[in-house]
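Since the structure comes first, as C-alpha cells, the remarks are kept for the end.
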Amino acid sequence: MALENITIKIFTSVNQLPQTWDEVASINHFLQTPYLKVLEDSAPTNMECFFIGIFENEQLIGTSLAQYLDINKLESFGERDNCFKTSIRNFIFRNFASHTLFLGNNMITGQNGYAFSKQISFKDISTLMIQCADEIIAYFKKKGIKMHIISFKDFYDECSVEFKKYDFSHLYEFNTQPNMIFNLHPEWKTKEDYVASFTKKYRDQYKRAHKKFDGIQVKELTLEEVISNEERIYELYHYVAKNAPFNTFFLAKDHFSTFKKQCGETFRIFGYFLNDVLVGFHSILQNGTVLETYFLGYDEEIQKENMLYLNMLYNMTEFGIENNYKKIIFGRTALEIKSSIGAEPVLMSGFIYHSNAIVDKFLPKIFKKLEPDVEWKQRHPFKE
C-alpha cells in the first residue's frame with residue numbers, strides 16, 4: 001500500500017518528541033526516549049544527534065536516528081596501528097570526511113536505524129532514508145557546514161539486497177568486520193549446560209580462564225556506585241577505546257552514569273574488583289529478547305594476567321542463558337576470541353556516498369584502503 005501525504009520532522013531534543021514516539025519505536029530500545037535522552041545528555045563531544053519523525057497524514061508512523069560527527073574534534077583515530085597506512089587514512093579523514101552524517105547509530109552494531117508502526121515496503125524505506133538525510137544536510141548548509149560523507153549504517157543481508165533495488169542503487173555498499181552474534185541454544189538453562197556442550201579443547205579453555213580469574217570479585221553496580229566510580233570507569237574504557245584500530249568518537253565522561261540514570265534496570269554495568277580496586281567493567285543493554293553488549297574497559301596488566309576479557313565474555317554469555325535471552329549481540333571487535341565462546345560472524349552492509357561527485361566516483365577504491373585489515377580464524381567450540 002502506497003504511503004500518503006508524508007512529512008518528515010527533525011527533532012534535536014527528546015522533549016520535542018510526539019507522545020506516541022515510544023509506541024511507534026516499541027520494537028527497539030535504542031530508538032525509545034530513555035536511550036535517546038542518554039544521547040541528548042551525554043553524546044560524544046564530536047557528535048550531534050537528531051531524532052527523526054516520519055508522519056503520514058500528520059500521524060507518526062516512523063522513528064529514526066541520525067548522528068552528525070565532526071571528525072576534526074577527535075583526539076585520536078586509534079593508536080594501535082601506528083604505520084604509514086594509518087597516517088594516510090587519518091589525512092584523508094581530516095580533509096575529505098571531517099563532516100560525516102550517519103543515518104543509524106554509529107555507537108552500536110546492528111540494525112537500529114529506524115522503526116515503523118506499520119508494514120512499509122523496502123522501496124518506501126529507502127526513499128524515506130534518503131529524504132531524512134537531505135533534510136539534515138539542508139539544516140547544516142544553513143549553518144554554513146557542508147557535509148562530506150553520508151552513510152546509512154548496518155543492514156542485514158535481506159534488507160541490503162532489497163534496498164539496492166531502489167534508492168540505494170547508486171550508493172556504494174560496504175562491508176566492514178562482521179557482527180559477532182551468539183544465538184543461544186534453547187536447551188541451555190544453566191551455565192553448566194553451556195560448558196557441557198564444549199569440545200574438550202574449549203572446556204579446558206573455560207576452566208583455565210576461570211582458574212586465572214580467581215581472586216577477582218564481580219559485582220553489579222548501582223547508580224550510586226557508577227557515579228562514585230565514574231572517573232575510574234572512564235579511565236578503563238578510554239584505555240581500551242584508544243587502543244582500538246579505529247575510532248570516530250569517544251564517549252563523554254558521564255556517559256555510563258547518564259545511561260544508568262535514564263534506563264535503570266534495562267542498562268546493567270558490572271564491576272570487576274581485585275583487592276577492592278576496580279580493574280575492569282562490562283555493560284549490557286536488555287533489548288527485548290536480545291542482549292546487547294555495550295562498552296567495556298579494563299586494566300591491561302590485570303587483563304593479561306587474569307584473562308579478564310575472556311572471563312567477561314563468558315559472564316555475559318552466562319547472564320544471557322540464565323535470563324532466557326535468544327541471542328547476544330557481541331559487535332565487531334575481537335572476532336576470534338568471541339567465536340571461541342560460541343558467537344558467529346554475521347555480515348552487515350552499509351551504504352555511503354560523498355557529496356563531492358569526483359571523490360564519490362573513487363569512493364570504492366578509497367574506502368578499501370581506509371578499512372583496517374583484520375585477519376582472523378573462526379573457532380568452532382561446540383561438539384557436533
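Couple of notes before you dig in:
- Extending 7 Å from Cα along the Cβ direction at Thr333 and again at Glu58 yields two label points whose distance is 4.8 nm.
- For Thr12, net neighbour charge (Lys/Arg +1, Asp/Glu -1) across residues whose Cβ lies under 14 Å away: 0
- Scanning residues 5 or more positions from Phe152 or on other chains, those with amide H under 5 Å from its amide H are Leu103, Phe351, Ile352, with H placed 1.01 Å from N in the peptide plane.
- Carbon-plus-sulfur accessible fraction, region 180-346 (probe radius 1.4 Å, protein heavy atoms only): 50%.
- Alpha-carbon centroids, region 183-205 and region 335-361: separation in whole Å: 29
- Accessible area per residue in Å² at 1.4 Å probe, computed on the chain: 47
- Within the straight-line cut-off of under 16 Å between alpha carbons, the lysines reachable from Lys164 are Lys123, Lys153, sequence neighbours fewer than 8 places apart in one chain being disregarded.
- Helix axis angle, 122-142 relative to the chain longest principal axis, alpha carbon, degrees: 80
- Ranked by solvent-accessible area (1.4 Å probe, protein heavy atoms only, all chains present), the residues Lys153, Lys141, Lys383 order from largest to smallest as Lys141, Lys383, Lys153.
- For region 275-372, averaging the sequence separation of C-alpha pairs within contact (under 8 Å, six or more residues apart) and dividing by the residue count gives a relative contact order of 21 percent.
- Region 180-346: relative contact order as a whole-number percent, Cα under 8 Å and 6+ apart: 35
- Seen against the Cα atoms of the chain and their longest principal axis, helix 230-242 is set at about 80 degrees.
- Accessible-area value, Tyr166, 1.4 Å probe, nucleic acids and ligands omitted, Å²: 80
- Its DSSP H runs of at least 4 residues, each contributing -39,500 (n - 2.57), put the calculated 222 nm mean residue ellipticity of the chain at -10500 deg cm²/dmol, to the nearest 500.
- Residue (of Leu278, Tyr139, Met307) at the positive-pole extreme of the chain, dipole from beta-carbon charges: Met307
- Dipole axis of the chain (+1 Lys, Arg; -1 Asp, Glu on Cβ), positive-most option in Gly264, Phe30, Ala334: Ala334
- Using alpha-carbon coordinates, inclination of helix 33-42 to the longest axis of the chain, degrees: 90
- Ligands, DNA and RNA aside, His210 has an accessible area near 70 Å² when probed at 1.4 Å.
- For the chain: rounded, prolate or oblate by the Cα gyration tensor [a/c cutoff 1.5]: prolate
- Accessible carbon and sulfur surface of region 1-58 relative to its total accessible area, %, 1.4 Å: 45
- The chain: relative contact order in percent, alpha carbon pairs under 8 Å with at least 6 residues between: 21
- Measuring against 23 Å, Cα to Cα, the residue pairs Lys143/Lys260; Lys9/Lys143; Lys118/Lys165 contain Lys143/Lys260 as the ones spanning a longer distance.
The values are calculated or read from the model by the stated rules, or taken from the named source; none is laboratory data. What you see is a predicted model, and the numbers here were worked out from it, not measured in a lab. Here Cβ is always computed from backbone atoms with ideal geometry, including for glycine, and neighbour counts include all displayed protein chains. These accessible areas exclude ligands, DNA and RNA; they are computed on the full protein's heavy atoms, side chains included. Shrake-Rupley method; radii C 1.70, N 1.55, O 1.52, S 1.80 Å.
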